[in-house]
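Just below is one structure, and these are the notes that go with it.
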Amino acid sequence: MSINVRDMDDGAQTAASLLIARATAADRRAHSRLTAAINDFFLPDDARLDDRMRGGIAAALTALVAGVEGALTQHAGRLLAARGEPELALRLTGNTAPVLDRLISAGLLRDTDLMRELIARVRQDVIGDALPAASPAELDAPSLLARLANHGDSVVAGAATALFAAESRRRSAFESAMQSDLPAELHHRLVWWVAAALRERCDLAGDAVASLDKALAEAAVRSLAAHDEGDRLEAAALRLAVAFEAGPHELSALLVEALGDRRIALFIAVLSHAVGLDYEQGRDIVSDADAGRLWLVLRALETDRQAIAQIGLALCEADPRRDLEDFADALDDIVAIPANLARDALAPLKLHPDYRAALSALMRGGRA
């Protein structure tokens, strides 16, 4: 009888402990949600992501992680099967627990560099997709990129064809979870994060986990070796800009036409190369709703009034954060900026990136 009572007491205590733990966890989650809601409420409008941006970033993260996960599980699974461990291979490849959720819960995807790249990429795509369509007359003519793909200079033609292919791969990446096309360093981080999450998901010990570790590490190294940063859309666009090397007399028309064709990556690449900035800097400048730096870049290139007006109008139509009336009111002042003063103002952007980062950190820290 006493044994039965003790068993009942133990069961009751276990159930009570579970309920208390659940209540404590729920309280923590409620506090976390409240903190997030408060932070969101006090975000300034220009820092808040709209639904298109949030959806685009979520889709990009999902596709990137799924692409790396698929590559690692397939190759590691083949290695395990070939080494006489089919059950272990099935345990790895047949597990459907989301790796993405684990990386998010671990906080790994809050990586500043990764999120900076994804936010900038999605912003670029959102603006590019929303650029005004070409006029009916222009629709009948070959696009800028099509003409460049048939250019008499084989280097230009090859670079344009490569850009076509890079655009196709970028679109496919969101539809079929292909391998990531991140910059090399970010791809490196993501591959090892996913490998670690796959190992944890299998929940093994002893000899089995040693075999799994070896297969996953080999699959990760293979993925890193196969990754070619030069295949990325941004790199392909910049190679075309370098190959074509637009002269001062044709630069304005080229920029306007690139936007008219809704080739935002080509627009950014041509602009960046012409003024001596890297692609990421140019992308940040073009994507910034506060277009002060963009006007400086265009004036540093001695872009004329008509081209600036066309570029400004297209970007205002594509990006609801920009105010068309404000741009129209500022146009005279923009055109009046002397090219030499604009170039002087942009000079700090051409410093070594680590040096610029150090200077920026020092300024944020305040004066002694």
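The values are calculated or read from the model by the stated rules, or taken from the named source; none is laboratory data. Quick caveat, the model's predicted, so the values are computed rather than measured. Cβ coordinates were reconstructed from backbone atoms using ideal geometry, including for glycine residues, and neighbour counts include every protein chain displayed. To get the accessible areas, we keep the full protein, side chains included, count just its heavy atoms, and leave off ligands, DNA and RNA. Shrake-Rupley method; radii C 1.70, N 1.55, O 1.52, S 1.80 Å.
Got a sec? Which of Ala16, Ala60 is within 25 Å of Leu114 (Cβ to Cβ) and either of a type outside the set (Ser, Thr, Tyr) or open to solvent by less than 70 Å² (accessible area, probe 1.4 Å) (or both)?
The match here is Ala60.
Looking across the stretch 270-312 at every residue that is under 24 Å from the mean Cα position of the chain (by Cα) and hydroxyl-bearing (Ser, Thr, Tyr), the one that is surrounded by the fewest Cβ atoms within 10 Å (Cβ to Cβ) is identified as Tyr279. Screening the stretch 212-242 for residues that are surrounded by 19 or more Cβ atoms within 10 Å (Cβ to Cβ), over 23 Å from the mean Cα position of the chain (by Cα) and among the small types (Gly, Ala, Ser) and picking the one that is farthest from Val122 (Cα to Cα) gives Ala215.
Of all residues in the stretch 251-283, those that are in contact (Cβ under 8 Å) with a residue 60 or more places away in the chain and in a helix (DSSP H, G or I) total 13.
The condition (being aliphatic (A, V, I, L, M) and within 30 Å of Asp290 (Cβ to Cβ)) is satisfied by just one residue among Ile104, Ile57: Ile57. Does Ala330 satisfy being hydrophobic (A, V, I, L, M, F, W, C) and either over 29 Å from Glu117 (Cβ atoms) or loosely packed, with under 12 Cβ neighbours inside 10 Å (or both)? Answer is yes for this residue. Where helices (runs of 4 or more DSSP H) fall entirely within the stretch 88-171, those with at least 2 residues that are open to solvent by less than 30 Å² (accessible area, probe 1.4 Å), among the aliphatic types (A, V, I, L, M) and in contact with a Phe, Trp or Tyr (Cβ under 8 Å, 6 or more places away or on another chain) are at 144-149. On the given criteria, is Ala16 over 27 Å from the mean Cα position of the chain (by Cα) and not aromatic (Phe, Trp, Tyr)? Here the answer is yes, as Ala16 does meet what is asked.
Please work out if Ala82 is farther than 25 Å from Ala47 by Cβ and open to solvent by 30 Å² or more (accessible area, probe 1.4 Å).
It is true that Ala82 is farther than 25 Å from Ala47 by Cβ and open to solvent by 30 Å² or more (accessible area, probe 1.4 Å).
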